């Protein structure tokens with residue numbers, strides 16, 4: 001196979017990764033190899049160094065090479081089939097489904113594990129991937145639609161997995177570390193088993209190599225050549241899902257390689273599918289091998305407890321951000337580019353939805369569980385309502401309005417309907433900032449925590465803006481930046497959680513979001529922030545109306561782009577960070593609420609802001625009500641439950657919008 005490459009910095013970087021891998025391997029293996037070759041153990045004697053080298057170190061390195069190559073190939077196949085540079089086992093929900101399936105089997109059906117983790121992971125991956133394609137089937141599998149559906153499914157599966165980890169910590173502690181990507185081995189059996197399964201999948205992949213390459217000519221051209229494009233795509237997706245599921249079942253989630261390896265392959269000059277597939281496998285194996293070698297050299301004896309998958313994201317995320325400006329951009333779609341039409345505004349629907357949201361808020365205030373766990377309407381116990389329930393409902397509702405407002409601002413600013421504090425990495429900035437502050441200064445108060453989260457969100461937004469300006473705000477560039485930053489935040493959380501530091505559990509609890517201890521002070525602060533942020537967004541409604549038209553038109557209409565973008569970024573950062581201490585960073589309300597209002601036909605920025613704020617407040621109030629009543633007397637994290645409620649809600653809206661297109 002001929003690889004067409006061009007001399008460039010990415011190619012030099014790829015060669016540098018290989019050279020560094022060889023050097024790191026020599027540093028790691030020099031001492032044990034010298035010991036084994038220079039000391040012959042007596043018959044029957046136990047040589048610990050030799051046993052560790054032969055049955056732990058070498059199998060681990062072999063697994064790293066094999067898994068890196070497999071994930072690189074899986075990402076390349078998905079990107080080729082879907083014609084989408086953002087497709088990967090992570091972004092289309094493959095990894096999240098496998099991890100959730102294994103967590104559910106561990107907690108509720110451990111007997112299924114005797115059938116093998118491969119089968120469970122494969123079923124989970126197949127289910128999540130099928131759900132993603134079910135959501136976008138009426139949109140012609142448009143690239144951004146697939147990413148939106150994949151992110152929603154991944155957030156839903158991730159929220160459910162995190163909820164299981166918090167409620168079943170004893171059973172899932174080892175699974176949590178393994179789920180971050182642990183390459184620790186005690187024999188050659190996992191490597192041999194995975195290699196045999198991947199070899200079986202390589203046979204049909206080689207048979208599909210030429211048909212997949214014909215897809216570069218376009219759907220119509222492929223059909224004119226007699227190629228059954230639909231069957232080829234389905235078979236290739238099945239192979240990619242199976243490859244990723246096998247890797248997840250063996251070593252956990254290291255899905256970020258499925259995104260970065262194909263990107264580096266294209267940067268290295270590979271244009272045809274065969275060249276991209278070959279280079280992606282080489283680059284994926286090199287990156288994962290180098291990362292694992294670095295982990296073993298730097299962590300020493302504790303390397304087996306440090307998840308290599310998390311460390312891979314720590315290295316790969318900045319690498320992808322550095323190389324992001326070099327990626328070729330696809331054609332920029334309009335703001336409603338998912339293939340759906342927006343229905344005409346109907347006052348009856350708006351009135352009905354408004355009444356339902358108000359009823360939901362009232363239900364969250366007056367309905368609940370009594371002291372003995374029975375359901376009751378607390379119409380007579382005003383002290384309970386005023387003292388405990390009312391401030392909690394006000395705080396969560398105001399926080400939901402904040403996130404929804406930030407979501408609308410980001411979507412109009414970036415000209416991208418996928419934008420939200422969670423998807424674009426804004427929440428990742430607050431996670432990173434709070435994590436660093438927590439480990440540097442210890443426990444934080446409410447006000448310092450909010451300030452730190454705001455600063456982290458603003459820094460991330462400025463990075464995204466800088467990348468977006470150079471790429472004319474191409475949606476795939478912004479999403480890649482958000483995915484990279486989110487992966488970096490998840491990796492850091494995974495590393496500190498695997499370390500066993502007690503502060504890691506404080507960070508996880510903060511990320512889950514809980515309004516259980518909300519006071520009137522918290523409610524007033526959140527309400528004041530919601531009024532200020534929403535008011536500032538309404539004052540900037542002219543910018544929100546003009547900026548989606550593009551930079552040239554905006555400049556011609558007298559908009560100062562630098563000032564407008566910075567002001568809107570500040571509004572979004574303050575809104576998302578002010579809601580984070582109460583709800584956590586992963587609620588996806590910033591994505592759900594604007595889509596919910598848009599589905600009703602609301603298109604004008606002012607009405608969209610007000611409607612989204614109301615929808616966010618109502619949905620969050622309902623999620624908080626479920627959080628405190630579902631498993632009474634226990635209380636679930638409000639933020640995680642909001643993600644679990646909001647994700648299916650958005651799936652329904654996406655399907656309804658598709659049927660009207």
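The values are calculated or read from the model by the stated rules, or taken from the named source; none is laboratory data. Computed from a prediction, not measured in an experiment: that's the story for all the values here. A quick note on method: Cβ atoms are made from the backbone with ideal geometry, for glycine too, and the neighbour counts reach across all protein chains shown.
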Give the residue, chosen from 227, 246, 201, 214, that is touching a helix residue (DSSP H, G or I) at 6+ places or on another chain (Cβ under 7 Å), within 30 Å of residue 106 (Cα to Cα) and free of Cβ contacts under 8 Å to residues at least 60 places away in the same chain. 201
Determine whether residue 27 is at pLDDT 80 or above, touching a helix residue (DSSP H, G or I) at 6+ places or on another chain (Cβ under 7 Å) and under 30 Å from residue 644 (Cβ atoms). no
Taking residue 547 as the residue in question, decide whether it is farther than 21 Å from residue 400 by Cα and crowded, with 20+ Cβ neighbours inside 10 Å. yes
Among the candidates 125, 187, single out the residue that is surrounded by fewer than 21 Cβ atoms within 10 Å (Cβ to Cβ) and modelled with pLDDT of 75 or more. 187
Give the residue, chosen from 577, 613, 607, 540, that is surrounded by 24 or more Cβ atoms within 10 Å (Cβ to Cβ) and modelled with pLDDT of 85 or more. 613
Can you tell me which of (1) over 30 Å from residue 146 (Cα atoms); (2) modelled with pLDDT under 85; (3) in the same structural domain as residue 201 (by TED's automatic domain parsing) is the one residue 117 doesn't meet? (1)
For segment 267-275, does any single residue satisfy the condition of being touching a helix residue (DSSP H, G or I) at 6+ places or on another chain (Cβ under 7 Å), closer than 26 Å to residue 26 by Cα and either at pLDDT 85 or above or in the same structural domain as residue 66 (by TED's automatic domain parsing) (or both)? no
Hits in segment 515-557 - residues which are within 13 Å of residue 412 (Cα to Cα), assigned to a helix (DSSP H, G or I) and out of contact with any helix residue (DSSP H, G or I) (no Cβ under 8 Å at 6 or more places or on another chain): 542, 549
Can residue 95 be described as surrounded by 15 or more Cβ atoms within 10 Å (Cβ to Cβ), out of contact with any strand residue (DSSP E or B) (no Cβ under 6 Å at 6 or more places or on another chain) and not assigned by TED's automatic domain parsing to the domain that holds residue 297? no
